[in-house]
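Structure record follows, encoded as structure tokens.
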Amino acid sequence: MPNIGKPSPNCHLCRQRRVKCDLARPQCQRCVKYGVQCPGYRDDQDLRFQHTDSVTFGNRRRKKQPQTPHPVSSSRPLDVVVFTPDSPASPASSHQSDTSGYRSAVTPPLPLLRSVHQHWTAESIPLVIGFYPGMDFLPGLFGSVKPDHCLVLAGQVFARAYMINSFRRKTDYRELSKLLSNALASVQKAIMSTKAYTSDSTIMALMMGDVERRSFITAQERGFAPESPWHIHGQGILSLMRARGDRQLYTRRGRQIFYIMHNMLQIQYTLTNTPSPPEFDHWLNIIEQTMHPVEAALLQIGRSISSACSLLSKLIPIVRSGDTQRAVASYKALLSEFNDAEFAMSEWIRASPEHQAGPHAELLMSEWMRVSPEFEQVPAPAYDYFWNAWRSAQIKVHHMMILLTNLVQHSPDSPFSPEALQSRRELCLQVIAASSRDVVNTIPTSLGGKAPCTYSNTPTAYYDAIRLIWPLTHVYILPTVPAHLREAAREALLRIGREQGIMAALKPRPLVVQFPPEALKGIPVDDVDDSEAYLPCIVTKTRANGHMS
């Protein structure tokens with residue numbers, strides 16, 4: 001039976017038997033005598049007496065409560081307080097107090113509420129769903145998996161990354177690293193399974209891991225080597241897309257997931273100057289045969305970015321080599337491929353003005369396109385992300401075309417007239433300026449821009465900031481972009497890093513790529529200030545690991 005007497009410094013087992021404890025540590029001889037494990041001696045302040053059951057506790061509590069000599073009659077009406085414009089409070093009944101304008105109702109005392117502590121993982125799934133309001137399939141996808149599924153674990157990593165970035169800037173990343181390792185192990189297990197590796201939940205879990213990397217890895221940490229984790233992650237997504245095959249395009253959820261993964265990979269190929277895999281053309285052709293009218297813009301954007309990636313994979317090696325003869329020999333074919341891609345996109349925009357990239361857009365895509373106000377339409381918010389990905393590719397490919405044109409002009413045996421080359425440079429500069437201006441116009445007011453936005457401390461605003469990093473980075477790092485647009489992009493990136501805590505927005509300049517002086521002739525000097533005064537004082541993952549070691 002429990003000891004309900006005066007607290008004593010005896011061990012728990014000795015109190016139960018109402019015997020004295022010899023206070024021996026770590027175990028008393030009394031417990032040894034009875035052959036049981038002794039819980040050990042505890043100090044008075046550590047003792048806690050508990051009742052055997054709730055019924056006994058309730059009976060004893062009722063006995064201790066004082067009895068009311070004159071109980072309140074149940075027939076007495078309650079005095080209800082009614083607030084009127086004339087007085088602060090006036091009773092609804094005829095009985096009114098002489099000292100106040102109200103009579104308190106006879107009510108029993110409210111019970112003392114007990115605080116309920118809930119682990120943060122219980123809110124991770126609603127938080128992830130709030131990040132992606134356009135993915136209406138996520139609630140059903142989360143509801144169809146078990147709590148230990150790789151999708152749930154990846155969602156916990158994503159939610160933890162958001163909470164650390166938003167509320168706990170100077171924190172220990174070991175918990176996040178542990179969660180990430182568990183999620184990656186679960187994803188690997190799902191990929192090895194013959195039933196789960198092609199499921200929607202597995203590829204979405206891999207996608208969330210890629211978004212988490214965007215939050216915590218800077219351009220320097222990410223790297224551009226093929227063996228970097230960022231590239232390996234993209235290869236994993238492409239492998240799953242290949243394993244899913246054509247059947248992923250014949251369901252609504254599968255096609256939605258395809259657009260997400262396809263665009264993520266195209267951004268990676270744009271940054272790394274890599275051509276798109278041949279499967280992309282095959283899948284886009286299937287979509288063209290079975291597409292809904294609202295998918296036309298996504299289809300054309302995907303094809304245009306694929307053309308830009310193909311051009312970049314050919315332009316970059318020629319320009320970096322500085323070989324003028326090779327530049328002259330390849331210029332005509334590259335210019336023809338460049339013009340064909342521009343013409344296909346401009347003709348589609350002429351035929352479908354309702355899919356224009358925004359109310360402020362002035363898309364000077366080629367000499368065949370002239371923008372007029374009747375083309376301006378307000379798009380759906382989800383399209384801004386895809387249009388910005390296309391604008392980023394446009395800015396980069398036109399920048400590299402300017403460098404190639406400079407090399408061709410410096411060749412002693414160039415068959416192209418200087419006037420034609422100068423016209424090409426001016427046209428590319430116009431496209432770069434127009435596309436950069438459209439990107440800057442999508443910066444929300446919370447980041448210093450003009451576009452409408454949600455509240456800055458919401459998960460949706462956080463995810464929108466992540467999606468702006470890549471296009472703003474292209475606007476910021478290329479010297480052919482007008483200086484005022486580069487400065488606006490830089491300020492927005494620094495505010496993303498400072499206010500949202502997203503590390504990828506800090507120091508977005510990649511490793512310096514050396515181009516020959518002939519290719520850089522006529523390009524404005526890169527005079528955008530990158531001093532430390534502009535960088536926010538945020539502890540990055542590298543610094544945090546240095547402090548922990």
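FYI, it's all coordinate maths here, none of it is from the lab. Note that the structure is predicted; figures quoted are calculated from it, not measured. For neighbour counting, all protein chains shown are included, and Cβ atoms are generated from backbone atoms with ideal geometry for every residue, glycine included.
Of the residues HIS282, HIS399, the one with the fewest other Cβ atoms within 10 Å heads the list, and the complete ranking is HIS282, HIS399. Maximal additional length on extending the VAL294-ARG253 stretch stands at 13.2 nm, based on 0.36 nm per residue less the C-alpha distance.
Kindly rank 179-187, 432-440 from highest to lowest mean number of other beta carbons found within 10 Å of each residue. Please list the in-between numbers first.
Numbers: 179-187: 18.4, 432-440: 24.3.
Highest to lowest by the protection proxy: 432-440, 179-187.
Placing pseudo-labels 7 Å out from each Cα toward the beta carbon at ARG242 and LYS189 gives an inter-label distance of 2.7 nm.
If R₀ is 35 angstrom, what is the calculated FRET efficiency for the pair PHE137 and GLU487, using the beta carbon separation as r and rounding to 0.05? Walk me through the intermediate numbers first.
Numbers: r = 40 Å, r/R0 = 1.14.
E(calc), rounded to 0.05, equals 0.30.
Label-to-label distance for ARG350 and ARG326 is 3.7 nm, based on points extended 7 Å past Cα in the beta-carbon direction. Among the listed pairs LYS178/LYS396; LYS396/LYS521; LYS195/LYS396, a Cα-Cα separation exceeding 29 Å is found for LYS178/LYS396; LYS195/LYS396.
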